[in-house]
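This report refers to the structure that appears directly beneath it.
Each value in this text was obtained by applying a stated rule to the coordinates, not by laboratory testing. Small disclaimer: the values here were computed from a predicted structure and weren't measured. Note that each Cβ is placed from the backbone with ideal geometry, even for glycine, and that neighbours are counted across all protein chains shown.
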Amino acid sequence: MARATDEGKGRVTAVFATLGVVDRHGDLTPRGAFGRQVAILGQHNHATHSPGFIPLGKAFVYEDGDQARADLRFNLKVQAARDTYEAIRFDLADPPPLIQYSYGFDTLDHDFAHVDDRRVRVLKRLRVFEVSPVLLGAGIGTRTLYAKDLDVAQAAEWLADPLERELAGLRTEMLAAETPKSAGADDDERALLIEAAALVGLNPHRRKIERKGCPECRT
């Protein structure tokens, strides 16, 4: 069971795809295909599609150079999320790290091109609905960048970065969306982010988040 001291913990940043290269499924994803999105943090090896699935948290997707990254927020009041988070921390702290990442998506726009005399699908625009840790991802160079605990003071320092401020604004907007509130991790994270945001003058606004179905998974 989660303790009160768990508030603000459970943050992982991962690379789940490398842009501009052909992946193990023969697809190439260029820069701009992801943009910034919010998705479900799924269970290991896409157990999202298994009976009785419980989301482990939320994934805040963005691009950084030639990397597609996800800022993962684990709901540590769910036992599976706690176990997965601790497994990722152990894997990162005990080299070499072996956990990789994958994602499920809708293809919104695509084309075909020839790369090194090979016909490949170019995924020009995607809507990501899930990011998950896996044994072997289709993406090249997927990995955990870091996993750490986050308190209010650390959150304020983190929010000083412009990109992180934007992600936090999106995150807080989603938590404040017009859906019924439920006690638990979302309330903890809402309080943490709003308090931290106040320290750096961040004023989040409300935004409607669209969610779509599940035709493809990038494993």
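Observations
- Using θ = phi - 60° and Karplus 6.51 cos²θ - 1.76 cosθ + 1.60, couplings along region 137-142 (whole Hz; Gly, Pro as x): x, 6, x, 8, x, 6
- Were the residues from residue 117 through residue 94 laid out at 0.36 nm apart, the gain over their Cα-Cα distance would be 4.2 nm.
- Each residue of region 66-79 is assigned a 3J(HN,Hα), and the resulting list reads 9, 10, 9, 10, 9, 8, 8, 10, 7, 7, 6, 8, 9, 4 Hz, derived from the Karplus form 6.51 cos²θ - 1.76 cosθ + 1.60 (θ = phi - 60°), x at Gly and Pro.
- Cβ-derived FRET efficiency at R0 30 Å, residue 106 paired with residue 79, nearest 0.05: 0.50
- Rounded to the nearest whole Hz, the Karplus-based 3J(HN,Hα) values (6.51 cos²θ - 1.76 cosθ + 1.60, θ = phi - 60°) of region 120-126 follow the sequence 10, 8, 9, 8, 7, 8, 10, with x at glycine and proline.
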